[in-house]
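Just below is one structure, and these are the notes that go with it.
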Amino acid sequence: MQLPFAESYKIKMVESIHRSNRNEREKWIKEARYNLFNLRSEQVFVDLLTDSGTGAMSDRQWSEMMLGDESYAGASSYYKLKNAIADITGFEFFLPTHQGRAAENVLFSAMIKEGDIVPGNSHFDTTKGHIEFRKAIAVDCTIDEAFDTTLDHPFKGNIDIEKLENVFINNSGHKIPMVIITITCNTSGGQPVSMQNIQQVSQLSQKYGVKVIFDGARFAENAYFIKKREPAYADKTIREIVREMFSYSDAMTMSSKKDAIVNMGGFIGFREEELFNKASVFNIMFEGFITYGGMSGRDMNALAQGLYEGTDFDYLETRISQVEYLGKMLKDAGVPAQFPFGGHAIFVDAKRFLPDLPKEQYIAQTLAVELYLEGGVRGVEIGTIMADRDPITRENRYPNLEMVRLAIPRRTYTNNHMEYVAASLINVFERRSGIKTGYCIVKEAPILRHFTVELEKVK
Ligand code: F0G
C-alpha cells in the first residue's frame, strides 16, 4: 500500500475551543452588527477569518523567544534577523516594523507622492489604503483569467504584461515610483505568480526605469507553487526558488504574520543602501529605532527562526495540502470556489453561490454571516465592503469577484476541523435558495471600512 500523506509535525500544546448553538450565534452576530470582525473569539468555533498572526509557533521558535536580546540599539536579535533575511531573501539591508502595513507605511512614505500611479496585481487592501491615503492611484493589472473562478490556470496571480506596459506608456507624465507584485496574490484568491511572469515584469520595469517591489507576505507559498507548477523549477529547493524570485526585485514589504509564522511582526528588505537610508528616517518616526522598529528582541528571534521553518518543503507541503483537502471536499459537493485552490485559503465564489442576491445587498458578506450562523465558522468577506468606495466619486466599488475567504491558520487546525467547515458550508449550499435578502450599511469609516462597518438586515 502506498503510504498516505501525514503532517510533518506533532502537537505539543493545545488550546480549548467552544462550540455554540444556533440561538447563541443569532444573538451574537446581531450584537456584532453583522460584522464578523466584531465577534469575540469565544463566539467562534473554527476561526478562518485570517491566516495572519494566527499560526502555531514551533518549540524552536518558543525557545528563541527566551534568547531575545531587548537592548534598544544593536541587539543580537536584530543581527540574527538581519542574517536570516539576507540568507533567505538576499536583501542585505532591512528595517524591522511591527507588521506588514507598517512596512508599507514606511516604504511608501519614502517612495510615493500625491498623483503617483502604482500598478500591480490586485493590491491587498492595506497596500491600496496606504497608496490612496497618499492621494496616489493603485492600478490593477492582474491577468483577466484570475477573475473567472472556474478557469484552471496555474498562475492566477500573474500580471498582464500588456496592461502593465500600457500603464507605463499612458502615464509618462505621471510618476510611477514602483510596481508591486504581491506573492501570492491574496486578493485574487491566494494565487501564485510564476517565475517567468516575475522575470517579465522585472525586465519591462527596468526598461521604463520603474522599481519592482514585492509584497512578500506569502512568498514561500508562492515558491512552493513555482516548484510544483513550473517545470523548470521542479528540482530546485524552495530556498533556491525564493532567492531567485527576490533577485528580480528592488525591495520588499513583509507581513511576517503569514509565511514567517509569527504572531506579530514585519520588515522591509532593500537592495540599495540609498533607499534604506531614506526609509530609515520614517522608520524611526513611526516604528522605532532601526535595530528594533516596533518589535521586541524575542519577537525578532522567533521571526528569524520562522523564516527557516516557513521555507521548509515538508512544512509547505503539509500546509498547502490541508488547504487543498478543504477545497476538494467543497468542490466535490458543487460549492463554487476559486480554482485552482489558493495557498492559504479557499475563496468561495459568492456570486455563483447566491446568484439571485442583488450586489447592493453585499453578497459575500451575506454568505459569510450564513456560514457563521450554520456552524460558528468565521470567514471573511472579500467583496464590495472590502473594496470600499472610490476615493474620488465616493460610490461603492463593485469588484469583479465577490468572495468569502476561508483562510487556514498555519499548523493550527486538524483535518477534522476542515471536515467540520466543509459540512457547515455544504449545509448552507443546500439551503441557498432560501437566502433571499442580504444587508445594508448603517455606519462606515471613510477608509478600510470593512473592519468597523455596521450592517442591518434588508427588510
Ligand atoms: N500584504 C498582504 C498580501 C496581506 O495579505 C496583508 C495582510 C498585508 C500586506 C498587511 O499585513 O496585516 O501584517 O499589516 N493580510 C491579512 C489577511 C490581514 O487577513 O489577509 P499586516
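To keep it simple, each residue is scored yes or no on (1) among the hydroxyl-bearing types (S, T, Y); (2) in contact with a Cys (Cβ under 6 Å, 6 or more places away or on another chain); (3) open to solvent by 30 Å² or more (accessible area, probe 1.4 Å); (4) under 25 Å from A220 (Cβ atoms).
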| position | (1), (2), (3), (4) |
| --- | --- |
| L48 | no, no, no, yes |
| S52 | yes, no, no, yes |
| M65 | no, no, yes, yes |
| G74 | no, no, yes, no |
| S77 | yes, no, no, yes |
| H130 | no, no, yes, yes |
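Being open to solvent by 10 Å² or more (accessible area, probe 1.4 Å), in contact with a Lys or Arg (Cβ under 8 Å, 6 or more places away or on another chain) and away from the ligand (no atom under 16 Å from the Cβ) narrows it down to one of Y233, Y325, so name that one.
On the way: Y325 fails: in contact with a Lys or Arg (Cβ under 8 Å, 6 or more places away or on another chain).
The match here is Y233.
Out of G265, G297, G306, which single residue is in the same structural domain as F108 (by TED's automatic domain parsing) and touching a Pro at 6+ places or on another chain (Cβ under 9 Å)?
Details: G297 fails: touching a Pro at 6+ places or on another chain (Cβ under 9 Å); G306 fails: touching a Pro at 6+ places or on another chain (Cβ under 9 Å).
Selected residue: G265, the only one of G265, G297, G306 that is in the same structural domain as F108 (by TED's automatic domain parsing) and touching a Pro at 6+ places or on another chain (Cβ under 9 Å).
Of all residues in region 396-411, which are assigned to a loop (DSSP other than H, G, I, E, B) and open to solvent by less than 10 Å² (accessible area, probe 1.4 Å)? Break it down stepwise before answering.
Step one: of region 396-411, the residues assigned to a loop (DSSP other than H, G, I, E, B) are 397-402, 408-411.
The answer is E402, I408, P409, R410.
So which pairs qualify, if the first residue must be in region 233-254 and at pLDDT 95 or above, the second must be of a type in the set (S, T, N, Q) and within 16 Å of the ligand (Cβ to nearest atom), the Cβ gap must be under 6 Å, and the two must be at least 6 apart or on different chains?
F246/T89
Scan region 105-121 for residues that are within 15 Å of the ligand (Cβ to nearest atom) and either open to solvent by less than 10 Å² (accessible area, probe 1.4 Å) or on the phi > 0 side of the Ramachandran plot (or both) and report the count.
Final tally of qualifying residues: 6.
What's the number of the only condition in (1) part of a loop (DSSP other than H, G, I, E, B); (2) in contact with a strand residue (DSSP E or B) (Cβ under 7 Å, 6 or more places away or on another chain); (3) surrounded by fewer than 20 Cβ atoms within 10 Å (Cβ to Cβ) that C440 fails to meet?
Every listed condition holds for C440 apart from (1).
Report whether or not A423 is open to solvent by 30 Å² or more (accessible area, probe 1.4 Å), closer than 30 Å to I11 by Cβ and either assigned to a helix (DSSP H, G or I) or of a type in the set (V, I, T) (or both). If you could, list the steps in order and put the result at the bottom.
Numbers: open to solvent by 30 Å² or more (accessible area, probe 1.4 Å): yes; closer than 30 Å to I11 by Cβ: yes; either assigned to a helix (DSSP H, G or I) or of a type in the set (V, I, T) (or both): yes.
In short, yes.
How many of the residues making up region 443-459 are surrounded by 13 or more Cβ atoms within 10 Å (Cβ to Cβ), aliphatic (A, V, I, L, M) and assigned to a loop (DSSP other than H, G, I, E, B)?
Number of matching residues: 4.
Can we say T187 is touching a residue at least 24 places away in the same chain (Cβ under 8 Å), open to solvent by 10 Å² or more (accessible area, probe 1.4 Å), under 21 Å from the mean Cα position of the chain (by Cα) and within 12 Å of the ligand (Cβ to nearest atom)?
Numbers: touching a residue at least 24 places away in the same chain (Cβ under 8 Å): yes; open to solvent by 10 Å² or more (accessible area, probe 1.4 Å): yes; under 21 Å from the mean Cα position of the chain (by Cα): yes; within 12 Å of the ligand (Cβ to nearest atom): yes.
The answer is yes for T187.
The values are calculated or read from the model by the stated rules, or taken from the named source; none is laboratory data. The model shown is predicted, which means the values in this text are computed figures rather than measured ones. Methodologically, a virtual Cβ is constructed for each residue, glycine included, from the backbone with ideal geometry; neighbour enumeration extends over all protein chains shown. Protein only, heavy atoms only, side chains kept; ligands, DNA and RNA dropped before computing areas. Shrake-Rupley method; radii C 1.70, N 1.55, O 1.52, S 1.80 Å.
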